[in-house]
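What follows is a single structure, written as structure tokens, with notes after it.
The values are calculated or read from the model by the stated rules, or taken from the named source; none is laboratory data. These numbers come from a predicted model, not from an experiment. Methodologically, a virtual Cβ is constructed for each residue, glycine included, from the backbone with ideal geometry; neighbour enumeration extends over all protein chains shown. Accessible surface is based on the protein model in full, side chains and every heavy atom, while ligands, DNA and RNA are left aside. Shrake-Rupley method; radii C 1.70, N 1.55, O 1.52, S 1.80 Å.
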Amino acid sequence: MSERGQPVEIPDEGLRGRALATVFGALMLGMFLAALDQTIVSTALPTIVGDLGGLDHLSWVVTAYLLASTVSTPLYGKLGDMLGRKPVFLAAIVIFLAGSMLSGLSQTMVQLILFRALQGLGAGGLIVGAQAILADIIPPRQRGRYMGLMGAVFAVSSVAGPLLGGFLVDNLSWRWVFYVNMPIGALALVIVTLRLHLHVPHTRHRIDYLGAGLLASGIGALILVATWGGTQYAWGSSTIVGLTVAGVALLAGFVWQERRAAEPIIPLTLFRSRTFDLVGAMGFTVGMAMFGAIIYLPLFLQLVYGASPTSSGLRMVPLMLGLLTASIASGRAITRFGRYKVYPVVGTATLVVGMYLLSRLSVSTDPWLASVYMLVVGVGLGLVMQVLVLMVQNDARPQDIGVVTSTATFFRSVGGSFGVALFGAVFASRLAGELARLPADVIAKLGDVGAIDPARAKQLPPEVHADFLQIFASALHGVFLFGMVIAIVPFALSWLIREVPLRTTLGRRAEPAPTNGHGAEPPEHVVRETSPAPTR
């Protein structure tokens, strides 16, 4: 609705000019906030513990946010399709800002963890909502350049988060790590409210609450397995085994529920689309390689080069620069030429090469050469990440844009969670085997091999410290080689992509018709009224 209460229709060729720039800027702000808060807290954690205590629960300040944002992602996509994307996106902003304010006001560690989870619930809607709204206002043929800019947001926030967090802690207070979200979020809220006018469905819907609960609980249990396994609990412990069994059982119940639900959270008919299946599998494995292997780069920089946590973040700039440049350049090229298959193929191939180069890192590797290796990995990621979302959106019917966007993002996030666990197991196993050569008193000084502390390593005698760095680098070789093997999977899958011409118009958005109890397709006339049928 416009300010005068009259419906505002977006032209079939999409928004243009100042109207597009204003709305897109607000969407970028929302995504920036959600991405920034994944990293901004890291440099503030020691100060937070000093103020609130609760060292034993410190990791939950990060885990609660990531867990809540991941499990809420598919729910926001479906709700946006059913209720309209603008009100759902506005609700996500409000939830995120409420979580931010309450986190800053926290007086205990338990309060902070709970409010970080609330913040994460809002963040899940910010990321998915921004990408889905973009599909409502820009046709696929023109969308590439904007998707590339959205990918660049993640690169910038990954570097800016720790630096901004350190600045705020040093000059103001750790509470401003959360308060800084308020003016940015408020600006996005005002712009979206006044300037974004989208179609609002008027059909009465039945929300699949049971399916949503089963999915969130099942994925939450498995993410806890990936987070705790091999660190807080042994892989064979009753806690890990129980969570695994519960997670699998809940997801099996989710599949059963989706087959009978009138309007499933994730319609199983989506898996009949070859593009949807490929994007899901590629996103999952790219997420594994990206999050699983790159998480060890800062540790390498701190241990081998003696970099501080802040300095190690700055040394990661080449990776983020490669991601930013490749994401923007590929997006603009897609918009200009209308071809996209080449980018996942080249991107995943580059990622394989980059992972191999990282496996060659050693104690004697020059810092500039390590930067080149990271740049290669960043270029590979930038060429593939946002293109996958564009592919699945171009393949989907307009009434399914939200759910396919959220599901693609969801697969990548879950892949990242499991990647961290698998790479951690590989690293701990190789490191434990290598450390067996060191004296027992030296191993005792190092503590848990799964959580090597650079400060403890520096306290070793010089000759032992040199041997330890060699052992650490050798163990890390296996981690990055494993990442290379994982990256080969999406490279092989990328050759199976069928390049479908990108639509030059938005297509008419029909009311999403409820499916039958088996998740069948909507009636044929609904498909004809929306857009050409996607390639299946």
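How do S103, S417 rank by accessible surface area computed with a 1.4 Å probe, from largest to smallest? Before the final figure, lay out the partial values.
Details: S103 0, S417 30 Å².
Of S103, S417, the descending order of accessible area is S417, S103.
So if I place +1 on the C-beta of Lys and Arg and -1 on the C-beta of Asp and Glu, and nothing else carries charge, what would the dipole magnitude of segment 57-153 be about its Cα centre? I want it in debye, nearest 20. Could the numbers behind the result be given before it?
On the way: 7 positive and 2 negative charges, 56 e Å.
In debye, rounded to 20, segment 57-153 gives about 260.
What percentage of the solvent-accessible surface of segment 315-430, computed with a 1.4 Å probe over protein heavy atoms, is contributed by carbon and sulfur atoms?
Numbers: 2480 of 3690 Å².
Here it works out to 67 percent.
Could you run the Karplus curve 6.51 cos²θ - 1.76 cosθ + 1.60 with θ = phi - 60° over segment 160-168 and give me ³J(HN,Hα) per residue in whole Hz, x for Gly and Pro?
Result, ordered by residue: 5, x, x, 5, 5, x, x, 5, 5 Hz.
Would you mind putting 69-76, 333-340, 350-357 in packing order, based on average other-beta-carbon counts within 10 Å, highest first? Provide the component values of the computation, followed by the final result.
Details: 69-76: 25.9, 333-340: 16.8, 350-357: 22.9.
Final packing ranking: 69-76, 350-357, 333-340.
Using a basic spin-label model with each label point 7 Å from the Cα along Cα→Cβ, how many nm lie between L163 and W235?
Using points 7 Å along Cα→Cβ, the separation is 3.9 nm.
Probe of 1.4 angstrom, ligands and nucleic acids ignored: what's the accessible area per residue over segment 382-442, in square angstrom?
Working: 1590 Å² over 61 residues.
Result: 26 Å² of accessible area for each residue.
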